[in-house]
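One structure is given here, and the rest of the page talks about it.
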Protein chains: 2
Amino acid sequence: MRIALLGGTGDIGQGLALRWAFDTDHEVVIGSRDPEKARTKADEYETELESMSVSRSINGFANEMAAERADVVVLAVPPFHIRDTIESVADRLGDVDVLVTPAVGMNREEDGFHYKPPKAGSVTELVAETAPEDVPVVGAFHGLSAGRLADLEAELSQDTLLVGDDEDAKETVKLLADGIEGLRPLDAGGLANSAEVESMTPLLINLAMNNEGLHDVGVRFE
Amino acid sequence: MRIALLGGTGDIGQGLALRWAFDTDHEVVIGSRDPEKARTKADEYETELESMSVSRSINGFANEMAAERADVVVLAVPPFHIRDTIESVADRLGDVDVLVTPAVGMNREEDGFHYKPPKAGSVTELVAETAPEDVPVVGAFHGLSAGRLADLEAELSQDTLLVGDDEDAKETVKLLADGIEGLRPLDAGGLANSAEVESMTPLLINLAMNNEGLHDVGVRFE
């Protein structure tokens with residue numbers, strides 16, 4: 001499959017790009033508002049993979065070009081760029097099987113991080129509202145430690161929670177997640193169940209801040 | 001320590017009572033609005049422990065009597081009984097080190113469970129608002145599977161998240177949680193961070209409903 005990571009020059013985009021390129025045969029494409037930055041980062045990821053003796057071609061494009069002809073588009077952008085990013089690529093999503101969102105709305109306050117969903121109820125629901133009607137949306141990969149993803153020698157051994165109303169799209173994302181070694185996808189329900197999934201991200205950060213040895217903490221359900 | 005489980009005749013009260021009696025030397029007292037029911041359940045728990053070759057005395061009382069002279073009071077009642085339960089025992093909490101709340105506000109809808117906090121922001125914050133001012137409140141033991149707790153042969157191997165503003169009280173609950181074999185307490189922050197902790201309970205139920213093999217699912221952060 002061809003996976004386009006819009007905002008793939010950021011931390012979570014980098015982590016997912018490296019893992020998919022390292023662990024699977026999927027074609028990984030980096031998108032950015034600035035195509036030059038996308039190309040530079042794609043080159044960096046190739047170099048990183050080479051240092052692990054893996055030769056993979058990763059290309060960088062403007063978001064619009066990256067979304068074009070992709071099977072899966074991941075919105076690896078901060079929540080406040082969700083809407084304009086979707087709008088900028090909306091007419092390129094005709095062939096896309098699924099639009100994936102790992103973003104979470106949070107506030108940092110003195111006492112820690114707090115879940116702060118948009119008016120739509122959750123970022124996942126905001127994405128579903130904003131995306132073209134025929135493009136299914138799945139929330140996934142929330143709260144994964146970008147550092148742990150990007151360190152290809154680090155064992156993941158954690159779960160990621162999937163929410164979405166389109167079962168085929170959810171199945172596609174499940175396979176993508178399963179392709180990353182040590183990552184187990186679990187079904188957390190429909191779009192209406194996404195707030196509970198997203199609110200785990202500030203919780204994970206609070207746990208990392210308040211407990212020793214949990215710096216890059218992940219979660220397992222068992 | 002003397003632990004009073006108000007509403008200790010319910011599922012979560014039973015689970016915690018059995019584990020503390022089985023794994024620790026703490027004195028466990030069962031409270032109920034109906035003292036006769038409390039005594040009957042306490043006898044049942046003693047019988048269950050005897051079947052595991054453990055001889056422990058567990059007493060049952062009306063909630064008021066159970067709270068009297070307890071070091072730790074656990075509000076093992078449903079969220080809609082929180083306020084009247086606290087009010088009924090408020091003048092007996094003078095010597096209590098900490099009031100513990102595992103309750104969570106949820107709605108069950110067709111598409112699964114949804115987090116539904118009270119106006120106070122969370123049940124933990126509602127308890128803190130309702131309790132006498134000098135009684136510290138700690139949220140803990142949310143979302144533990146009552147069935148897994150009550151099955152003394154089942155391995156727990158899971159985490160429980162603690163929230164509270166009083167560090168001494170949180171330390172007391174941490175020790176109590178640590179006393180239960182296989183249960184690891186983690187610090188999730190202050191009372192203001194409790195909504196994120198509580199909203200994991202509907203998430204756990206949704207995961208149990210949507211995934212095979214996760215019937216009595218717990219959580220581990222690693």
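The values are calculated or read from the model by the stated rules, or taken from the named source; none is laboratory data. Please read these numbers as outputs of a predicted model, since none were measured by experiment. Glycine also receives a Cβ, built like all others from the backbone with ideal geometry; neighbour counts cover every protein chain displayed.
Remarks
- For the condition surrounded by 15 or more Cβ atoms within 10 Å (Cβ to Cβ), in contact (Cβ under 8 Å) with a residue 12 or more places away in the chain and farther than 20 Å from A:A154 by Cβ, A:E48 does not qualify.
- Residue match in segment A:138-158 (condition: crowded, with 18+ Cβ neighbours inside 10 Å, more than 7 Å from every other protein chain (Cβ to nearest Cβ), in contact with a strand residue (DSSP E or B) (Cβ under 6 Å, 6 or more places away or on another chain) and under 16 Å from B:V219 (Cβ atoms)): yes
- Filtered residues of segment A:9-39 (kept if among the charged types (D, E, K, R) and closer than 14 Å to A:A76 by Cβ): A:D11, A:R19, A:R33, A:K37
- Evaluation of B:K37 against (1) over 16 Å from B:P136 (Cα atoms); (2) of a type outside the set (V, I, T); (3) under 17 Å from the mean Cα position of the chain (by Cα) (one fails), failing number: (3)
- Selection status of B:L156, in a helix (DSSP H, G or I), of a type in the set (A, V, I, L, M, F, W, C) and modelled with pLDDT of 95 or more: no
- Residue that is farthest from the other protein chains (Cβ to nearest Cβ) [pool: residues in segment A:68-95 that are in contact with a helix residue (DSSP H, G or I) (Cβ under 7 Å, 6 or more places away or on another chain) and more than 14 Å from A:T130 (Cβ to Cβ)]: A:E68
- Matching residues, segment B:130-177, being farther than 22 Å from B:E196 by Cα, touching a Gly at 6+ places or on another chain (Cβ under 6 Å) and of a type in the set (G, A, S): B:A150
- Set side by side, the residues A:V163, A:V127 differ, and just one is surrounded by 24 or more Cβ atoms within 10 Å (Cβ to Cβ), more than 14 Å from chain B (Cβ to nearest Cβ) and among the hydrophobic types (A, V, I, L, M, F, W, C), which is A:V127.
- When A:P117 is tested against (1) touching a Ser or Thr at 6+ places or on another chain (Cβ under 7 Å); (2) crowded, with 19+ Cβ neighbours inside 10 Å; (3) not aromatic (F, W, Y), just one condition goes unmet, and that condition is (1).
- Answer residue from segment B:185-222, given it is of a type in the set (S, T, Y) and in contact with a helix residue (DSSP H, G or I) (Cβ under 8 Å, 6 or more places away or on another chain) and is nearest to the other protein chains (Cβ to nearest Cβ) among those: B:S199
- B:D34 being surrounded by fewer than 17 Cβ atoms within 10 Å (Cβ to Cβ), out of contact with any strand residue (DSSP E or B) (no Cβ under 8 Å at 6 or more places or on another chain) and farther than 20 Å from B:L144 by Cα: no
- Selection of segment A:96-124 for residues being within 14 Å of chain B (Cβ to nearest Cβ), of a type in the set (A, V, I, L, M, F, W, C) and more than 17 Å from the chain's Cα centre (by Cα) yields only A:F113.
- Residues being closer than 14 Å to B:I30 by Cβ and surrounded by 19 or more Cβ atoms within 10 Å (Cβ to Cβ) - total across segment B:62-84: 12
- Matching residues in segment B:4-27 - criterion: being out of contact with any helix residue (DSSP H, G or I) (no Cβ under 6 Å at 6 or more places or on another chain) and of a type in the set (A, V, I, L, M): B:L16
- For segment A:59-72, the condition holds for at least one residue, the condition being that it is in contact (Cβ under 8 Å) with a residue 60 or more places away in the chain, under 24 Å from A:L144 (Cβ atoms) and within 14 Å of the chain's Cα centre (by Cα).
- Selection of segment B:10-29 for residues being under 12 Å from the mean Cα position of the chain (by Cα) and free of Cβ contacts under 8 Å to residues at least 60 places away in the same chain yields only B:A17.
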